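Contents: one structure, followed by commentary.
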Amino acid sequence: MRNDCKRLEPALHDWLEGWLDAPARAAVEAHLRRCPACRAKLEAWQAVGRALRALPQLPAPAARLPEPAPEPRGALRLALALCLPTALLLVAFRAPIDAPSVDALKPSAVVQTLTRPFTAPAQTLWNRLQEVI
Ligand SMILES: [Zn+2]
């Protein structure tokens, strides 16, 4: 393939599609008149185009699209709606917030925590909430 043929190849495609202006179209046609290799390439492209257009058109299969996943925004709003007032109450009443220790995260410790009566700060918070309500 000659260098001018390589440079012409994009324009050859554009010529085939009818996208070139008059000067560019004339340049491609002048090259095609003197270059059998590019004429052969163009004829091959045209043959492929004809073959593709001759294929039967099949209807698209009725695809069942997956149901869209529920948006997490509702859950996020609910979590914020629950967490924000709680955080404000904890700050307002200066309730101590301690990160749980590793031992406190053991299943047996969690069960003990859930089954024991309120601790003093939580009980104080609960009492204040009852006063407000
Ligand atoms: Zn050429």
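Each value in this text was obtained by applying a stated rule to the coordinates, not by laboratory testing. Everything quoted here is computed from the prediction, not taken from an experiment. Note that we place each Cβ from the backbone using ideal geometry, even for glycine, and neighbour counts take in every protein chain shown.
A few comments on the model shown:
- When you filter the trypsin sites (Lys or Arg not before Pro) in region 1-103 for DSSP loop state and at most 12 other Cβ atoms inside 10 Å of their Cβ, you are left with 2, 64, 94.
- Linear extension gain, residue 65 paired with residue 79, 0.36 nm per residue minus alpha-carbon span: 2.0 nm
- The loop-placed chymotrypsin sites (Phe, Trp or Tyr not before Pro) in region 13-66, going by DSSP, that have at most 11 neighbouring Cβ atoms within 10 Å of their Cβ come out as 19.
- Anisotropy class of region 3-54 from Cα gyration tensor, a/c 1.5 cut: oblate
- Backbone HN-Hα couplings from phi across region 8-14 [Karplus 6.51/-1.76/1.60, Hz, Gly and Pro as x]: 6, 3, x, 5, 5, 4, 5
- Taken one residue at a time, the phi angles of region 73-88 give Karplus couplings (6.51, -1.76, 1.60, θ = phi - 60°) of 4, x, 5, 5, 4, 5, 4, 5, 5, 8, 6, 4, x, 5, 5, 5 Hz. Gly and Pro are set to x.
- For region 46-61, the Karplus equation 6.51 cos²θ - 1.76 cosθ + 1.60, evaluated at θ = phi - 60°, returns couplings of 5, 5, 5, x, 5, 5, 5, 5, 7, 5, x, 8, 9, x, 5, x Hz by residue, with Gly and Pro reported as x.
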